[in-house]
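J.: Below you will find the structure I want to go over with you.
The values are calculated or read from the model by the stated rules, or taken from the named source; none is laboratory data. For clarity, every value in this text was computed on a predicted model and none was experimentally measured. Note that we place each Cβ from the backbone using ideal geometry, even for glycine, and neighbour counts take in every protein chain shown. Protein only, heavy atoms only, side chains kept; ligands, DNA and RNA dropped before computing areas. Shrake-Rupley method; radii C 1.70, N 1.55, O 1.52, S 1.80 Å.
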Amino acid sequence: MRILISAGEASGEMYGAQLIDALRTASGHVRAGALAGLAARSQTTSELNFFGVGGTKMRAAGCEIVVDAEELSVVGITEILSHLPRIWRLFHRLIAEADRRKPDLAIVIDSPAFNWRVARQMKKRGIPVVYYVCPQFWAWRQGRVRLLRKYVDKALVIFPFEEKFYRDRGVDAEFVGHPLADLPRPDISRDDYAAQNGLNAGKAWITLMPGSRMKEIQMNLPEILRASELLGREYEYLIPVAPTVPKSLIVELTKAIQVPVHPVPDSLPALAHSRVGIIASGTATVEAAIMGLPFVMVYRVTPLTYLLGRWAVKVPHFAMVNLIAGEEVVPELVQHNFSAEKVVSAVRQIIPDGLPREKMLEGLRKARHLMNGEQDGHTHPAERAAEAILHLASQRRLSENG
């Protein structure tokens with residue numbers, strides 16, 4: 001059974017790696033029946049062959065990478081426009097490989113600017129398409145839901161409110177839970193983590209996460225660092241460096257900073273052991289919520305990208321935690337409201353014990369519970385997604401056989 005899987009950025013390829021592992025496990029339990037017919041080229045249904053777009057995590061999970069996700073790592077409307085020729089070449093490379101391998105199934109993950117085009121080409125070829133971690137069309141450009149309705153056989157959504165939104169618009173959507181919802185706290189102790197990374201365990205730590213793409217870092221990190229200098233040397237500052245980002249870029253941007261800033265390799269221990277966070281909008285905010293870290297959400301894009309996108313935004317909040325909880329759990333400092341002074345004011349409210357901090361912690365717990373939904377608590381969201389995908393494959397085969 002050949003499966004094309006396309007995940008265009010750091011968080012998406014992490015979800016892709018989880019899903020590949022879950023599919024291999026789930027398919028190993030299926031030995032006969034309708035699904036076996038779909039895998040006629042293989043000796044058993046547990047022989048799944050993955051190829052497509054991803055990075056180091058998906059490669060380690062056994063996916064043959066045709067296009068490296070790092071090559072698609074751009075953000076914003078104007079930034080995408082400047083990279084269109086390269087993205088177009090990579091897209092055609094993937095489609096040509098799909099034509100050569102003739103996959104039985106296509107799975108696209110997040111990255112709608114690239115992946116809805118992949119879905120369209122697969123659908124034209126009669127290949128069933130699953131969209132895992134669906135585009136946030138409920139937030140803006142809602143008219144684009146028609147693309148899912150037209151080109152996607154199954155939408156697997158990760159936020160509880162998405163299922164109704166997409167179903168009401170004619171999309172076969174199923175809520176499977178957020179892939180990070182049951183993420184365990186790291187085993188490493190605070191003292192050991194401090195020793196490994198040259199940190200002062202006697203100080204409170206503040207985790208700084210400016211984004212996982214270079215353009216995001218260039219737009220967000222300078223103001224975050226200015227806030228850090230205003231907060232002062234009473235704290236130590238940790239910057240987890242995403243695999244898609246050269247550490248040299250972080251070193252260059254922080255070399256003149258007058259407070260102790262430490263690039264670190266892993267985000268979860270930093271989030272778990274810090275006192276607060278200053279975190280750019282995106283997957284990192286979900287990770288912080290799951291680790292129970294109070295934080296301030298920040299974000300900035302180019303003025304043109306903001307001008308083009310602002311009119312289309314349809315949601316009351318930017319931070320995913322706030323959307324899930326249905327209220328403002330964490331402060332949102334976006335574009336012109338994102339200043340070092342405002343960041344410092346918000347951070348100082350949640351550093352000490354007291355009502356503001358406890359209220360935020362309670363909101364984070366609420367969001368974490370909602371992300372997992374009314375599930376049994378014993379299966380990972382990726383496992384639920386794998387079961388839905390294999391069910392779709394078996395139903396497809398039954399339909400083809402009459």
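J.: In vacuo Debye scattering of segment 103-164, one point per C-alpha: log10 I(q)/I(0) at q = 0.16, 0.17, 0.25, 0.26 Å⁻¹?
T.: Reported log10 I(q)/I(0), two decimals: -0.45, -0.50, -1.06, -1.14.
J.: Would you calculate, for the chain, the mean residue ellipticity at 222 nm contributed by helices, counting each DSSP H stretch of 4 or more residues as -39,500 (n - 2.57) and dividing by all residues, to the nearest 500?
T.: -14500 deg cm²/dmol
J.: Right, here's the next one. Carbon and sulfur atoms: what percent of the 1.4 Å accessible area of segment 120-177 do they account for?
T.: Answer for segment 120-177: carbon and sulfur cover 43 percent of the accessible area.
J.: Write down the accessible area per residue of the chain in Å², having rolled a 1.4 Å probe over the full set of protein chains.
T.: Each residue of the chain exposes 43 Å² on average to a 1.4 Å probe.
J.: Set Lys and Arg Cβ to +1 and Asp and Glu Cβ to -1, take the dipole of the chain about its Cα centre, and tell me which of Ser267, Leu355, Ile109 lies farthest positive.
T.: Value: Ile109.
J.: Give the peptides 61-68, 109-116 in descending order of average Cβ contacts within 10 Å, highest first.
T.: 109-116, 61-68
J.: In whole Å, what three semi-axes, largest first, describe the equivalent ellipsoid of segment 156-276 built from its Cα gyration tensor (square root of 5 times each eigenvalue)?
T.: 33, 19, 13
J.: May I pose another question? Would you work out what percent of the accessible area of segment 227-287, with all protein chains in place, is carbon or sulfur (probe 1.4 Å)?
T.: That fraction is 52 percent.
J.: May I pose another question? If you put +1 on each Lys and Arg Cβ and -1 on each Asp and Glu Cβ, how big is the dipole of the chain around its Cα centre, in Debye rounded to 20?
T.: The calculation lands at about 1460 debye.
J.: Sorted by mean Cβ packing within 10 Å, highest first, what order do the peptides 195-207, 267-279, 231-243, 152-164 take?
T.: 267-279, 152-164, 231-243, 195-207
J.: Another one. Using the Karplus curve 6.51 cos²θ - 1.76 cosθ + 1.60 with θ = phi - 60°, what ³J(HN,Hα) values do you get for each residue of segment 360-366, in whole Hz, with x for Gly and Pro?
T.: 5, 4, 5, x, 5, 5, 4
J.: Under 15 Å between alpha carbons, and skipping anything fewer than 8 positions from Lys359 in its own chain: which aspartates and glutamates qualify?
T.: Within the straight-line cut-off, Lys359 pairs with Glu327, Glu328.
J.: When the gyration tensor of segment 108-227 is built from Cα positions, what are the square roots of 5 times its three eigenvalues, in whole Å, from largest to smallest?
T.: They are 39, 18, 14 Å, listed from largest to smallest.
J.: Also, I was wondering about something else. If you count the DSSP beta bridges with both ends in the chain, what percent of them are antiparallel, to the nearest 5?
T.: So the antiparallel bridges in the chain amount to around 0 percent.
J.: Residue by residue through segment 170-185, what is 3J(HN,Hα) from phi via Karplus (6.51 cos²θ - 1.76 cosθ + 1.60, θ = phi - 60°)? Round to whole Hz and write x for glycine and proline.
T.: Values, residue by residue: x, 9, 6, 10, 9, 7, 10, x, 7, x, 9, 4, 10, 4, x, 5 Hz.
J.: So what is Rg over Rh here for the chain, counting just Cα atoms and using Kirkwood for Rh?
T.: With Rg and the Kirkwood Rh in hand, the quotient comes to 0.98.
J.: Per-residue counts of other Cβ atoms within 10 Å, averaged by peptide: what ranking do you get for 357-365, 218-226, 173-181, highest first?
T.: Ranking the peptides 357-365, 218-226, 173-181 by packing returns 173-181, 218-226, 357-365.
J.: Limiting things to C-alpha atoms, what are the Rg and the maximum Cα-Cα separation (Dmax) for segment 211-303, in angstroms?
T.: 12.3, 35
J.: Structure shown: which of Lys102/Lys150; Lys203/Lys342; Lys164/Lys366; Lys57/Lys203; Lys203/Lys366; Lys215/Lys247 lie over 25 Å apart, alpha-carbon to alpha-carbon?
T.: Long pairs (Cα-Cα over 25 Å): Lys57/Lys203; Lys203/Lys366.
J.: Related question: With unit charges on the beta carbons (Lys and Arg positive, Asp and Glu negative) and the dipole taken about the Cα centre of the chain, which residue among Met219, Val67, Gly126 sits farthest to the positive side?
T.: Positive-most Cα among the choices belongs to Gly126.
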